[in-house]
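A.B. asks: Handing you this structure, nothing more for now.
Every read-out reported here was derived from the displayed coordinates using simple, explicitly stated rules and does not represent laboratory data. Every value quoted in this text rests on a predicted model; they were computed, and no experiment measured them. Reconstructed Cβ throughout: ideal geometry from the backbone, glycine too, with neighbour counts over all protein chains shown.
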Amino acid sequence: MIYEGSCHCGAVAFEVEAPEEIVAQDCNCSICSKAGFLHLIVPKRTFRLLRGEDHLTRYTFNTRVAQHTFCKVCGIKPFYVPRSNPDGIDVNVRCLDTPIPRLVIEPFDGRNWEATAAALKHLSANDIRR
C-alpha cells in the first residue's frame, strides 16, 4: 500500500510503501517521547520525497549517525534516518495523511537503546512484508 504524508504546513511531502497493517514502535527515549514520534522503519527504496527537500533541516547528537530531519517552516519531524537502521528511513506514523486500515503500536525501550536496538534491524530489510 502507498501512504502519503507531510509536515504540518505541507512544505514537505512524501510517500512510503508499507503494509495495510502498520506495526509502529512507540519509543520511550528522550527525543522520541518529547516529540511524540511514532516509528515506521522501512527500506529506503520504499520511501520517496515528493517535495520540500529545500525546506528540511537536520539535527544530530551523540553518535551523529541518526539524521533527524525537520521542516524549517513548521518544525515538524515527518521522517529521519535512524541510528538503529541507517540503511532505512523512519517515518512518523502521525505524519501520514492516508488513512491507515490497521495500526498496531508496540512499545520500544529506547531508554536502554544499546540493549534493544538490534531488535529493529529487520525493519529496514528489503522485504516490506512483515
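A.B. asks: With contacts defined as alpha carbon pairs under 8 Å and 6 or more residues apart, what's the relative contact order of the chain in percent?
C.D. replies: Working: 275 pairs, mean separation 43.0, N = 130.
So the answer I get is 33 percent.
A.B. asks: Moving on to the next point. Can you compute the charge dipole magnitude of the chain about its Cα centre, using +1 on each Lys and Arg Cβ and -1 on each Asp and Glu Cβ, nothing else charged? Give it in debye, rounded to the nearest 20. Let's see the in-between values first.
C.D. replies: On the way: 16 positive and 15 negative charges, 74 e Å.
Computed charge dipole of the chain: roughly 360 debye.
A.B. asks: Take the alpha carbon atoms of the stretch 3-45, find their center, do the same for the stretch 47-93, and report the distance between the two centers in whole angstrom.
C.D. replies: Between the Cα centre of the stretch 3-45 and that of the stretch 47-93, the gap is 10 Å.
A.B. asks: Using the Cα centre of the stretch 1-66 as origin and beta-carbon charges of +1 (Lys, Arg) and -1 (Asp, Glu), tell me which of Ala24, Met1, Gly52 is placed farthest towards the positive end of the dipole.
C.D. replies: Gly52
A.B. asks: Still on this structure, please answer the following. Under the classification rounded if a/c is under 1.5, otherwise prolate if a/b is larger than b/c and oblate if not, where does the stretch 1-78 fall, given a ≥ b ≥ c as square roots of the Cα gyration tensor eigenvalues?
C.D. replies: Details: a/c = 1.60, a/b = 1.08, b/c = 1.47.
Because a/c hits 1.5 or more and a/b fails to exceed b/c, the stretch 1-78 counts as oblate.
A.B. asks: Starting from 0.36 nm per residue, how many nanometres of slack lie between Glu4 and Arg48 once their C-alpha separation is accounted for?
C.D. replies: Details: separation 44, 0.36 × 44 = 15.84 nm, distance 0.96 nm.
The Glu4-Arg48 span can extend by a further 14.9 nm.
A.B. asks: Can you tell me how much longer the chain between Thr116 and Val104 gets when fully stretched, taken as 0.36 nm per residue apart minus their C-alpha distance, in nm with one decimal? The partial results should precede the final answer.
C.D. replies: Numbers: separation 12, 0.36 × 12 = 4.32 nm, distance 1.92 nm.
My answer for the length gained is 2.4 nm.
A.B. asks: Now for a different question. Restricting things to alpha carbons, tell me how big the chain is in terms of Rg and Dmax, in Å.
C.D. replies: 13.6, 37
A.B. asks: Could you work out how far apart the two model spin labels at Asp87 and Phe61 are, taking each label as a point 7 Å from the Cα in the direction of the beta carbon, and quote it in nm?
C.D. replies: 2.8 nm
A.B. asks: Turning to a different aspect of this structure: Using R₀ = 22 Å, calculate the FRET efficiency as 1/(1 + (r/R₀)^6) where r is the Cβ-Cβ separation of Lys72 and Arg94; round to 0.05.
C.D. replies: Details: r = 19 Å, r/R0 = 0.87.
According to the calculation, E is roughly 0.70.
A.B. asks: Further, regarding this structure: Who wins for biggest fluctuation among Ala66, Ala35, Ala13 in a Gaussian network model of the chain, springs between alpha carbons below 10 Å?
C.D. replies: Ala35
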